[in-house]
Amino acid sequence: MSENEEARRLARAQLPEGLRPETLAVRTALAPSQHGENSEALFLTSAYVQPDAATSAQRFSQSEDFTYSRTSNPTVRSLEARLAAMEGTEAAICTSSGMSAILLLCMGLLKAGDHVICSRSVFGSTINLFAKEFGKFGVETSFVSQTDLQEWRDAIRPTTRLLFAETPTNPLTEVCDIQALADIAHAAGALLVVDNTYSSPALQQPAKMGADVIMHSATKYMDGQGRVMAGALCGPNKLIKDVFGPVVRTAGMVLSPFNAWVVLKGLETLGLRMKAQSEQALAVARWLETRPEVARVYYPSLPSHPQHELAMRQQSGQGGAVLSFELKGDTPEAARAAAFHVIDSTRVLSIATNLGDTKSIITHPATTSHGRLSEAQRQAAGIGQGLIRLSVGLEHVDDITDDLLRGLSTLNHE
Ligand SMILES: *Cc1c(COP(=O)(O)O)cnc(C)c1O
């Protein structure tokens, strides 16, 4: 390749300023190789050959060039660039799963004696990681209401370093006010971290509302087709490059290049999928509200949702793919039998616990994601035995409602 051609290849890889989110989701990546591949390449390599010992020494002394894939990999780097562009942050760093992104967050920012405030309604493993695993190292976590800002304010201590929120939550789709929490965190000299898994940057960009770090399980909507595990933290260079980068390189919770490549391709259709799945979920939620067997439907786009207006403001007017509904039942046993009947009567939906997939998924939270809680804890969290969670995919919406109707219409004919 002539020098001129090489220069033009690299120049074209510099995107112009001011591109819109849809364009960034398709186009942001490292420059293509000398072969000019149009789809970003998968660099499945653990090490990189150096031209000579002096260059090798120079590259090992800093982290920007490629030496070893625990330090950096071009496919992972492309995904990090694309994610940062979509979240509107300076940088992003990828990890092997969503949980390892939170592990990285804690290892990077906390030490013995520090205090964390976390919503009581966040993902179950997140609660265990803060309370149990980091509790062992002398980090204390206070769990507070998802929606009552005064509880967050009252929990602040001189040692508070982090406020951790997730919005909307699983399975009841409770929404918290990101801007208000950012203000509370900053007034206390703490950072606000938002788990943005349930909205994805296609609907919600917490950095614009004052969040300092945005965390993702890319296993969900970002892959979007239920194939790989992946996680990420997005934020300013002073956190991502200076604080989290050295921890990942030492601790090794890196993302595999193959998984990074799958998620990179997933991001190209994220906006379209989020919009289509949100529209389908709203149609299913409205239909469920008309069913006599259903006591209550939880979905942010419904006017009956307690934080409907806040959710629509924060989430670009869309609700996402996840909704839950409560079946009528006189006792917990009767409610559970009804839920199991509806789940077992499906022939199209997958009985599984993932979400954000193109395939619709039906889940019974009380015996899966929230199965390890006591009945009293479950009642306090609002997770009844009659509750069913749906992650609405891309099948025809009438086939989804027909599949639910198989069980709903035969509930009392057992
Ligand atoms: C799934 C999930 C996680 C954990 O991510 P993994 O990729 O499964 O490790 C964290 N937060 C939320 C909101 C999730 O849905």
The chain: angle of helix 270-289 to the longest principal axis, Cα-based, in degrees nearest 10: 10 degrees
Inter-centroid distance (Cα atoms) of the stretch 256-319 relative to the stretch 331-380, Å: 18 Å
Using θ = phi - 60° and Karplus 6.51 cos²θ - 1.76 cosθ + 1.60, couplings along the stretch 187-200 (whole Hz; Gly, Pro as x): 5, 9, x, 10, 9, 9, 10, 10, 7, 9, 4, 6, 10, 6
The stretch 302-397: trypsin sites (Lys or Arg not before Pro) in DSSP coil with no more than 16 other Cβ atoms inside 10 Å: LYS328, ARG347, LYS359, ARG372
Amide N proximity, the stretch 321-347 versus GLU375 label position 7 Å along Cα-to-Cβ, cut-off under 11 Å: 331-334
Angle in degrees between helix 3-13 and the longest Cα principal axis of the chain, rounded to the nearest 10: 20 degrees
Compactness index (Cα Rg / 2.2 N^0.38 Å), the stretch 24-138: 1.37
Dimensionless Rg over Rh [the stretch 1-63; C-alpha; Kirkwood]: 1.05
Area of LEU373 that stays accessible when all protein chains are in place (1.4 Å probe, Å², to 10): 60 Å²
Cα-projected label distance for ALA283 with GLU333, points at 7 Å along beta-carbon direction, nm: 4.0 nm
13 Å beta-carbon shell around PRO21, net charge (K/R +1, D/E -1): +2
Compactness of the stretch 270-413 - radius of gyration and Dmax, Cα, Å: 14.6, 43
Sites GLU6 and ALA352, calculated FRET efficiency, Cβ-Cβ separation with R0 45 Å, nearest 0.05: 0.40
Counting DSSP beta bridges with both ends in the chain, the antiparallel % (nearest 5): 55 percent
Carbon and sulfur %, accessible surface of the stretch 3-267 computed with the full protein complex present, 1.4 Å: 54 percent
Phi to ³J(HN,Hα) by Karplus 6.51 cos²θ - 1.76 cosθ + 1.60 over the stretch 343-359, Hz, x for Gly, Pro: 5, 6, 7, 6, 10, 10, 4, 8, 8, 7, 10, 7, 8, x, 7, 5, 8
Debye log10 I(q)/I(0) at q = 0.06, 0.12 Å⁻¹ for the chain, Cα point scatterers: -0.26, -0.98
Count of Lys pairs (Cα-Cα under 27 Å; at least 8 positions apart or interchain) in the chain: 19
Solvent exposure, largest accessible area first (probe 1.4 Å, DNA, RNA and ligands not counted), of PHE244, PHE143, PHE134: PHE143, PHE134, PHE244
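The values are calculated or read from the model by the stated rules, or taken from the named source; none is laboratory data. Being a predicted model, the structure only gives us computed values, none of them experimental. When we count neighbours, we look across all protein chains shown, and the Cβ atoms used for this are built from the backbone with ideal geometry, even at glycine. The protein model used for the area step is the full one, side chains on, heavy atoms only, and it has no ligands, DNA or RNA in it. Shrake-Rupley method; radii C 1.70, N 1.55, O 1.52, S 1.80 Å.
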